[in-house]
Every structure is written in structure tokens, then in C-alpha cells.
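Notes follow the structure.
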Amino acid sequence: MKYWLEEDTLIIEGSFNALSSGLLGGWKDVEHIFNHTVVEDFDYLDPIKYLKGVAERFEMKHYFGLLTSVPMDKLSIVKNGAVTAFITAGVKNPNQEIKIGTINIILVVEADLSDGGMVNAVITATEAKSAALFELGHNFTGTNTDAVVVARTGGNYYEYTGPASELGSRIWDAVKKGVKESLAKW
């Protein structure tokens with residue numbers, strides 16, 4: 001895996017089997033995962049077209065992409081063993097009546113997870129995000145447009161990723177730390 005920031009986009013490149021809750025999400029093999037900060041030209045009426053346009057701009061064909069209003073200077077990257085968490089977190093969004101923004105979480109796990117472990121990693125990450133929010137004094141468990149991507153690369157096999165498991169505790173710690181770090185950059 002390698003990653004870099006280009007303009008207003010985090011790009012992660014590698015050979016991944018991934019699961020995404022974002023636009024055009026689902027489960028598939030991808031070569032790129034990105035998190036893009038929307039700017040003035042964002043098409044609120046057709047976010048899927050906008051997402052595809054970002055992928056085309058960077059010549060990505062097999063990808064999962066996330067959109068956020070959070071600037072990339074708020075990006076937190078936390079490495080914890082086989083887990084790398086890429087998190088952008090914002091809890092205020094002037095474009096929403098609810099005024100709570102977006103928390104995007106991308107987990108790259110340099111291991112082989114069971115399919116159930118992949119799904120459970122989403123739950124563990126969501127619980128860790130919620131714990132971070134509560135510890136920071138917020139009274140909500142997430143925001144109105146949050147998304148999670150979990151990508152596995154292969155390697156050591158893990159059946160479970162709940163917070164009490166070895167790998168799950170690494171996911172929990174990385175996400176909780178990353179959410180707090182990203183929010184602290186505001």
C-alpha cells in the first residue's frame with residue numbers, strides 16, 4: 001500500500017478486497033481508495049456523477065471513493081500494527097440543517113480477514129468513533145453523512161475483529177485516536 005495527498009484528495013493505492021458504505025459502495029476488489037474534499041463545483045444534486053468525475057480526473061478505474069466537506073489538512077493517519085486508519089472528521093457542516101458534518105474512516109488492514117471479520121470491522125470502527133465523540137462531549141454517535149471503507153490486503157488470517165479481539169482492539173484504538181486527532185485540528 002502507498003498513499004499520498006493530491007490537491008484536495010487522499011489517494012490510497014494497492015491491491016485490496018474492500019467493503020464500503022459510501023456512494024457506489026458494496027464489496028469488491030479495488031486498486032484505489034480515495035477521500036475527496038468537495039469544493040465549490042460540488043454537484044449536490046448528483047453526488048455520484050461528482051464522485052465518478054474525481055475518479056476520472058485521477059484515472060482510477062477500480063476504486064471506492066468517499067466525499068467530505070472536511071479539508072484534507074484535518075486528515076489523521078494512525079498506524080497500529082497491521083491497521084492503518086485514515087480519518088477526516090468534522091462535526092459542523094453549514095450546508096446541513098442538523099449542522100453535524102462528516103466523519104469518513106478508511107481502514108487498510110494488512111492481513112486476511114474472514115468476511116464476517118470485514119463486516120465486524122465496520123461495527124468496531126463505528127463504535128470507536130462513537131466512543132471518541134462521547135469522550136469529547138458530543139451527544140451523538142455519528143454524523144448524517146459518515147462512511148467507512150475496510151480494505152484487506154492479505155497476510156495473517158483473523159476470524160474476528162470485535163473490540164475484544166487482537167485485531168479489533170487495534171482497529172478500536174486507531175479509530176478512536178484518529179477521530180480525536182482530526183477533530184482537534186479544527
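Structure data summary
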| read-out | value |
| --- | --- |
| Those lysines that a straight Cα-Cα span of less than 17 Å connects to residue 129, excepting residues fewer than 8 apart in one chain | 74, 79, 92, 176, 177, 180, 185 |
| Listed values [x] 10.4; [y] 12.5; [z] 9.7, entry calculated as mean projected area of the Cα convex hull in nm² | [z] |
| Theoretical FRET efficiency, 1/(1+(r/R0)^6), r = Cβ-Cβ of residue 144 and residue 59, R0 25 Å, to 0.05 | 0.20 |
| Estimated 222 nm signal from helices in the chain, with DSSP H stretches of n ≥ 4 weighted -39500 (n - 2.57), rounded to 500 | -9000 deg cm²/dmol |
| Charge tally in the Cβ shell below 14 Å around residue 157, where Lys, Arg are +1 and Asp, Glu are -1, residue 157 excluded | -4 |
| Charge sum, other residues only, whose C-beta stays under 9 Å from residue 175's C-beta, Lys/Arg counted +1 and Asp/Glu -1 | +1 |
| Kirkwood hydrodynamic radius of region 119-175, from inverse mean 1/r over distinct Cα pairs, in Å | 12.1 Å |
| Rough spin-label spacing in nm, given labels placed 7 Å along Cα→Cβ, for residue 8 and residue 119 | 3.6 nm |
| Percent antiparallel among DSSP beta bridges (both partners in the chain, rounded to 5) | 70 percent |
| Sorted by Cβ density within 10 Å, fewest first, the residues 62, 36 | 62, 36 |
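Each reported figure results from applying straightforward, stated rules to the coordinates on display, with no laboratory input. Predicted model, so just to flag it, every value in this text is computed and none were measured. Glycine gets a Cβ as well: all are built from the backbone with ideal geometry, and neighbour counts include every protein chain shown.
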